[in-house]
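Here is the structure we will look at, set down as structure tokens.
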Amino acid sequence: MNPAEKDFSPLTPSIVRALNDKLYEKRKVAALEIEKLVREFVAQNSTAQIKHVILVLSQEFALSQHPHSRKGGLIGLAACSIALGKDSGLYLKELIEPVLTCFNDADSRLRYYACEALYNIVKVARGSVLPHFNVLFDGLSKLAADPDPNVKSGSELLDRLLKDIVTESNKFDLVSFIPLLRERIYSNNQYARQFIISWILVLESVPDINLLDYLPEILDGLFQILGDNSKEIRKMCEVALGEFLKEIKKNPSSVKFAEMANILVIHCQASDDLIQLTAMCWMREFIQLAGRVMLPYSSGILTAVLPCLSYDDRKKSIKEVANVCNQSLMKLVIPEDDEADEGKQAVTVLPGEADHEEALAKQAVVSGGSLDASGDSNFSNNSVFMPASTERIQVTLNLDGIVQVLDCHLHDASAGMMTRIAVLKWLYHLYIKTPRKMFRHTDSLFPILLKTLSDESDEVILKDLEVLAEIASSPAGQTEGQGTHDTPNVRSGQLELALPAPAKTNQSGSSGAKGALECSPSTPTMNSYFYKFMINLLKRFSSERKLLEMRGAFIIRQLCLLLNAENIFHSMADILLREEDLKFASTMVHTLNTILLTSSELFQLRNQLKDLKTLNYKHAYDLIQKFGDLEVTVDFLIEVDKLVQLIECPIFTYLRLQLLDVKSNPYLIKALYGLLMLLPQSSAFQLLSHRLQCVPNPELMQAAAAAADSSKTGLGFKKAATNTPIDYAELLQHFEKVQDKHLQVRHQRAARGENLDRRAVF
């Protein structure tokens, strides 16, 4: 049919011609005629005629193939809406759809006219357009990224009008809008992102709209927008996230913390500093507000937080917030998490009970474990809403997942020092709070804990020793650790000493670890891991001589503070008796002796040894006698020289004083003279010789004692006017002679140019 012969009624032929005209003014005149015509139909209440006019304008003009006809149709539809006034709400679907179709037109001028037409339609309808909000929003989100500035300007005017309508209305359907918002929020276009954020800010500001309930649907998208290249968009997104966080702090009981936990875990690992810092701040608030509700996500949280603890000053803010997260999460682990019965391991908490953190958490956590943070970042597409609950919360600590994360970070050679320290603090904390569960993981953790003793940081080694000491002394290890020596669960490539074969000891015939640990009733009993620890520590010293040389004394001294020193020395001595590498055994014995004799940590043990009633000095004398049958080597003489120097140090003051009691310590003097005879004419010989010259004459000491006895009975010496007992005069004269002789020797040696330092005598 010829277009000229088409039936456009009730539009007149003149209106049709004007609508198809290329001149805007003529199309505008036609629009005024349409407005007048529709007003008449409204007055006549002729609904059919009105619908027919709208249908003709849509099908024959707005959707026409001819561009001028489409322009005429758009202005005609706007005229219909103006004429309908408040009744336009009855025809909005028919009015809006053809206009929105023109939003996709290739002609930018036509897209602009479509914007203008829709603006007029919405301005008249106001709140009546809300049922059609999604299609309007969808169309506007596309125009927000339009390359034509005029079209973009027109869409902004329409956007502001629509925001005003939503703000002043209480009939906005948020539920039906969220899926569209969730879809559009993942746009990569800057203008589309700006459009999305502006709408989120508007919706968040409306009191009657609770966008917080649907935050899990859009949080991931918001964090992605936060990484936009545009500073303006980043700032807008930062403001939006800040507003949400304020709302969360005000109303924590209505927040779905659990649904957003892994979203934060993902973005806490972002490479963008702003995203990471913001996500970490959210995580901090979540842990502090939700309390134990966050426990099932601990492994994911630790995966994100632990690396941040080693950041340098360039990321100081992130590091500080991460540290708070780590500390807060650690406090959530409680002894009740160590329930042996798996059916009772979920800790039940009623909001309002326990501490403030737990009282604020009211979500029901249905997950039995930590969620994997490596999945799809678009969590909102498949999230399940869980309404806030006032019932008791059941929270399960997924210890397996936590230990796996901690173990991975210890094995990671690139992990920073503060990260390794934090991992070890976590392990120590878990062994304190949940020892029974933790001992199930001890065999797998043991090799890496031993390896960590070779760490370059003293602080890391200290924390590592604390963990190992807790493992070795925990009562939980008495049962959980039994039998682990026979079938150790060790990572491939890890060498581990087996328990030595049973062998008789000197006391009560006990053997192995039991003999080492139970021979002294005064020392506390360690668990079965203690002896295993000692064995593997010595194995590590044997295979890493540099570790023994550089850190051996440091490690053993710290262990003596953390554990019982007597147990450590006794067990190591027992193990070294079976050591086949005699050179290593000798080195180890020398190290242990030096530590025992010089370190402040072994003060108590030294006193215990001094108080022993056994004939130690006779044993020393007997040993020296056997040295005569040995080959005297340079190394041997060096060791004797070191012993002489050691006798002169402050730690052996008590021994030097015992030289005064000649009668009670004859074997001490004999042992020292034996050492003197072993030495060549060296500086050590001179040093020991001078010391022995100060030993009092036994006969003189006996005479002095006799004189003292006779004085008491009135048969001996009389007292001098100075009240000095006469019986000590000869003794003092003897000391003066010895001292004079010693000074003469020193002058002679000084004349020869010998160094007299470190050779001061009694």
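The values are calculated or read from the model by the stated rules, or taken from the named source; none is laboratory data. Note that this is a predicted model, so its numbers are computed, not measured. Here the Cβ positions follow ideal geometry from the backbone for every residue, glycine too, while neighbour counts run over all protein chains shown. Ligands, DNA and RNA are stripped out before the accessible areas are found, and what is left, the full protein with its side chains, is counted by its heavy atoms. Shrake-Rupley method; radii C 1.70, N 1.55, O 1.52, S 1.80 Å.
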Requested in this report: Kindly list, by first and then second residue, each pair from a residue in region 200-223 that is within 11 Å of Glu168 (Cα to Cα) to a residue that is of a type in the set (Gly, Ala, Ser) and not in a helix (DSSP H, G or I), limited to pairs with Cβ atoms under 9 Å and residues at least 6 apart or on different chains.
Outcome: Val206/Ser169; Asp208/Ser169
**Report entry** Odd one out for Asp164, checked against (1) within 31 Å of the chain's Cα centre (by Cα); (2) exposed (fewer than 15 other Cβ atoms within 10 Å of the Cβ); (3) in a helix (DSSP H, G or I)
**Finding:** (1)
Query raised in the report: Got a sec? Which of Ser198, Ser169, Ser187, Ser205 is of a type in the set (Gly, Ala, Ser) and open to solvent by 50 Å² or more (accessible area, probe 1.4 Å)?
Result: Ser205
Query raised in the report: Does Gly221 satisfy being within 20 Å of Asn262 (Cβ to Cβ) and either at pLDDT below 95 or open to solvent by 20 Å² or more (accessible area, probe 1.4 Å) (or both)?
Result: no
**Report entry** Any hit, region 280-303, residues being touching a Cys at 6+ places or on another chain (Cβ under 8 Å), modelled with pLDDT of 95 or more, over 30 Å from Ala476 (Cα atoms) and open to solvent by 50 Å² or more (accessible area, probe 1.4 Å)
**Finding:** yes
Query raised in the report: Can you name the number of the only condition in (1) within 54 Å of the chain's Cα centre (by Cα); (2) closer than 16 Å to Leu668 by Cα; (3) among the polar types (S, T, N, Q); (4) at pLDDT 85 or above that Gln625 fails?
Result: (1)
**Report entry** Residues of region 556-586 satisfying the condition of being in contact (Cβ under 8 Å) with a residue 60 or more places away in the chain, outside any helix (DSSP H, G or I) and open to solvent by less than 60 Å² (accessible area, probe 1.4 Å)
**Finding:** Leu563
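Evaluate region 138-149: report whether one residue or more is within 25 Å of Glu35 (Cβ to Cβ), open to solvent by 40 Å² or more (accessible area, probe 1.4 Å), of a type in the set (D, E, K, R) and under 55 Å from the mean Cα position of the chain (by Cα).
No, every residue in region 138-149 fails to be within 25 Å of Glu35 (Cβ to Cβ), open to solvent by 40 Å² or more (accessible area, probe 1.4 Å), of a type in the set (D, E, K, R) and under 55 Å from the mean Cα position of the chain (by Cα).
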Report task. With the condition kept exactly as written, say whether any residue in region 236-244 is in a helix (DSSP H, G or I), within 30 Å of Val460 (Cβ to Cβ) and either open to solvent by 50 Å² or more (accessible area, probe 1.4 Å) or at pLDDT below 95 (or both). Result -> no
Report summary line: Among (1) in a helix (DSSP H, G or I); (2) surrounded by fewer than 20 Cβ atoms within 10 Å (Cβ to Cβ); (3) not aliphatic (A, V, I, L, M), Tyr112 falls short only on (2)
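For Leu90, indicate whether it is in a helix (DSSP H, G or I) and at pLDDT 95 or above.
Here the answer is no, as Leu90 does not meet what is asked.
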Query raised in the report: How about region 623-641: which of its residues are open to solvent by less than 80 Å² (accessible area, probe 1.4 Å) and part of a helix (DSSP H, G or I)?
Result: Leu623, Ile624, Phe627, Phe636, Leu637, Ile638, Val640, Asp641
Query raised in the report: Can you name the condition, by its number, that Val333 falls short on among (1) part of a helix (DSSP H, G or I); (2) of a type in the set (Val, Ile, Thr); (3) within 25 Å of Met417 (Cα to Cα)?
Result: (1)
Report task. Exactly one condition in (1) open to solvent by less than 60 Å² (accessible area, probe 1.4 Å); (2) over 15 Å from Leu692 (Cα atoms) is not met by Asn665; state its number. Result -> (2)
